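See structure below.
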Amino acid sequence: MNNSNEQIIVGSHEVKVFDRSQILLTGIKKITSFDNEEFLMESSLGMILLKGEGLEILKLDTHDGNVKIKGKINSFNYIEDKHVKSKDESIIAKLFK
């Protein structure tokens, strides 16, 4: 039975950037792919693409969904799922065309 007073909680999600050299994200469900220039993550509110230089994970708390990354942060974007392709998928897709 659905009560009209019920609230559906999607999940808490925050982004904090410190001097463009560190970023703290909460509400991260999983890190899909990463290297020192790019992180692709799934948050409670959608996919996130973080780009930069010399990126490294400082802290990863999989239980609470917290991630802290250091390095030079160049861009941070929420992206639609239909635009998400991991590097492996794009290589395999090219092989079978």
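The values are calculated or read from the model by the stated rules, or taken from the named source; none is laboratory data. Keep in mind it's a predicted model, so treat the numbers as computed, not measured.
Results, tabulated for the structure shown:
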item	result
Residues located in the range 60-87, provided they are at pLDDT 95 or above and either over 14 Å from V17 (Cα atoms) or β-branched (V, I, T) (or both)	V67, I69, I73
Top-ranked residue of the range 1-44 - restricted to ones that are farther than 13 Å from F76 by Cα, of a type in the set (A, V, I, L, M, F, W, C) and over 10 Å from the mean Cα position of the chain (by Cα), ranked as modelled with the highest pLDDT	F18
